[in-house]
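K.L.:
Okay, handing you the structure first.
The values are calculated or read from the model by the stated rules, or taken from the named source; none is laboratory data. Everything quoted here is computed from the prediction, not taken from an experiment. Here the Cβ positions follow ideal geometry from the backbone for every residue, glycine too, while neighbour counts run over all protein chains shown.
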């Protein structure tokens, strides 16, 4: 797991620099905390929480939103650690791994929240509870709590291997977006009625290793965006 986490931290650093070479001096923890809880709201919309209308869960889209949250969580962590090795050894990553492994030992987390999580038998309500705890953690400046519950959300929605492959795929897509007009608005995010994230998800499901991803994704999006 450490190898994959270090790889993702490195790729996130590269992406942040591609967006803004001076990102460490211009972005703040408040920026990434805000981005995290906003993405949590988008993740929540993949679940049937609207009692006043018929709504089906979209668990595939939820997985994509989980990966989007991870981008901003890692960016939050990286603001504290230019040395990626130290980031990997940080309490932030330790709490993330404890969440993924459902390890409740030696953590400073509200016990009421832990008992609620363990006692909730409705799957969708459990996911909603976890998403809300992530948002709450970052809203009240308790990132370790938010990151621990993010780890639990990963465990309950997506395997760590799938998180890794989807993150790698989304990282490649984000580079493509930056290279093809995302900032100036010329990039086409919706293609033939479907978002680029959905195309990406289909590609990732057909791939078993990181090495296969970039060529397949770049070729697919070149064709989708009207290239040869």
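K.L.:
Just the residues that are farther than 18 Å from residue 64 by Cβ and in contact with a helix residue (DSSP H, G or I) (Cβ under 8 Å, 6 or more places away or on another chain), please, taken from the stretch 124-141.
P.N.:
126, 129, 132, 133, 136, 137, 138, 139, 141
K.L.:
Would you tally the residues in the stretch 58-72 being assigned to a helix (DSSP H, G or I) and free of Cβ contacts under 8 Å to residues at least 60 places away in the same chain?
P.N.:
Counting residues in the stretch 58-72 that are assigned to a helix (DSSP H, G or I) and free of Cβ contacts under 8 Å to residues at least 60 places away in the same chain gives 2.
K.L.:
Right, something else. Using beta carbons and a limit of 6 Å, which pairs, at least six apart or on different chains, have the first residue in the stretch 29-48 and in the same structural domain as residue 73 (by TED's automatic domain parsing) and free of Cβ contacts under 8 Å to residues at least 24 places away in the same chain and the second one outside any helix (DSSP H, G or I) and surrounded by fewer than 20 Cβ atoms within 10 Å (Cβ to Cβ)?
P.N.:
Every condition considered, the pairs that remain are 46/58.
K.L.:
In the stretch 73-115, which residues are in a loop (DSSP other than H, G, I, E, B) and farther than 30 Å from residue 22 by Cα?
P.N.:
Within the stretch 73-115, 101, 102, 103, 104, 105, 106, 107, 108, 109, 110 meet the criteria.
K.L.:
Right, next: Are any residues in the stretch 120-133 in a helix (DSSP H, G or I) and without any contact (Cβ under 8 Å) to a residue 40 or more places away in the chain, and if so, which ones?
P.N.:
Passing the criteria: 123, 125, 126, 129, 130, 133.
K.L.:
Going by the structure shown, is residue 166 closer than 24 Å to residue 10 by Cα and modelled with pLDDT under 90?
P.N.:
Judged against the criteria, residue 166 is a match.
K.L.:
Looking only at residues in the stretch 101-131 that are buried (at least 16 other Cβ atoms within 10 Å of the Cβ) and within 19 Å of the chain's Cα centre (by Cα), which one is farthest from residue 75 (Cα to Cα)?
P.N.:
Ranking the qualifying residues of the stretch 101-131, first place goes to 126.
K.L.:
What helices (runs of 4 or more DSSP H) lie completely within the stretch 1-56 and have 3 or more residues being closer than 25 Å to residue 152 by Cβ?
P.N.:
Result: 2-19, 29-44.
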